[in-house]
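Note sheet for the following structure.
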Amino acid sequence: LVAYIEENKTRELSPSPAVDPQFSSILEYVAHSTDRTTHEGKCLAIRTNAIHIETAALEMNAVAAKNKRCPDPAYHFILSWPEHEKPDNNSVFDAAEHAIKSLGLSEHQYVIAIHGNTDNLHCHIAVNRVHPVTFKAHHVEWAKKTLHYAARESEIKHGWSHDNGIYVVHTDKQG
């Protein structure tokens, strides 16, 4: 795949008709720099472990196509901060990568896109449930519970306010 992409950099790359473009529409939305309806700036920063953001959808679709038994390889979720908190990009990426790791998907392909087009800073995370080496699909169990716990851990680590959720942070007199 790497050799093919490198050889065809100048050509527009698109998946073959046999590849279901699961990631194309998600990544088109999350990675686009402006909001298509308001034409205002949307995407502030992007981090991916793909070869390049421009080929991320192609790469993720190609890996997903290697597992014929996984009908829903694209796992997409959002982390959002309260209106009064505006964490820096590195802290947002750290929280997103912690969430990915908590779900057991740290070795999988992902794209994280930070958006600032709403009152609440938020980031979209698109992860391929199909492993890029073994091509086995990872079943994400207890995602809501896991993500709530990971969010509380990131809030504690970065000193952010604690949001409501399944888990609650209590601070005693000693802090």
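The values are calculated or read from the model by the stated rules, or taken from the named source; none is laboratory data. Please read all numbers here as calculations on a predicted model, not as lab measurements. FYI the Cβ positions are ideal-geometry reconstructions off the backbone, even for glycines, and counts take in every protein chain you see. Ligands, DNA and RNA are excluded from the accessible area calculation, which covers all protein heavy atoms including side chains. Shrake-Rupley method; radii C 1.70, N 1.55, O 1.52, S 1.80 Å.
Quick notes on this structure:
- Scanning the range 93-111 turns up at least one residue that is in contact (Cβ under 8 Å) with a residue 60 or more places away in the chain and in a strand (DSSP E or B).
- Pairs with Cβ under 9 Å, 6+ apart, first in the range 138-167 and β-branched (Val, Ile, Thr), second part of a helix (DSSP H, G or I) and open to solvent by 100 Å² or more (accessible area, probe 1.4 Å): Ile166/Lys144; Ile166/Tyr149
- Against the criterion of being polar (S, T, N, Q) and closer than 21 Å to His139 by Cβ, Asn67 qualifies.
- When Phe93 is tested against the conditions (1) closer than 18 Å to Ser154 by Cβ; (2) surrounded by fewer than 19 Cβ atoms within 10 Å (Cβ to Cβ); (3) more than 11 Å from the chain's Cα centre (by Cα), the lone failure is (3).
- Annotation note: Cβ proximity below 7 Å between a residue of the range 40-67 that is in contact (Cβ under 8 Å) with a residue 24 or more places away in the chain and a residue that is in a strand (DSSP E or B) and open to solvent by 60 Å² or more (accessible area, probe 1.4 Å) (sequence gap 6+ or interchain) occurs for Ile53/Ile46.
- Residue selected from the range 52-88 under the condition open to solvent by 60 Å² or more (accessible area, probe 1.4 Å) and outside any loop (DSSP other than H, G, I, E, B), by the criterion modelled with the lowest pLDDT: Glu54
- Tallying residues that are of a type in the set (Val, Ile, Thr) and assigned to a loop (DSSP other than H, G, I, E, B) within the range 113-127 yields 1.
- The range 109-147 - residue that is among the hydroxyl-bearing types (Ser, Thr, Tyr) and either closer than 13 Å to Lys42 by Cβ or crowded, with 20+ Cβ neighbours inside 10 Å (or both) and, of those, modelled with the highest pLDDT: Tyr110
- Residues in the range 148-174 that are farther than 24 Å from Asn89 by Cα and either outside any loop (DSSP other than H, G, I, E, B) or open to solvent by 80 Å² or more (accessible area, probe 1.4 Å) (or both): Ile166, Val168, His170, Thr171, Asp172, Lys173, Gln174.
- When His98 is tested against the conditions (1) open to solvent by less than 50 Å² (accessible area, probe 1.4 Å); (2) at pLDDT 95 or above; (3) under 24 Å from Tyr29 (Cβ atoms), the lone failure is (1).
- Filtering the range 37-51 to residues that are part of a loop (DSSP other than H, G, I, E, B) and not polar (S, T, N, Q) leaves His39, Glu40, Lys42, Ala50, Ile51.
- In the range 155-162 there is at least one residue that is small (Gly, Ala, Ser) and over 18 Å from the mean Cα position of the chain (by Cα).
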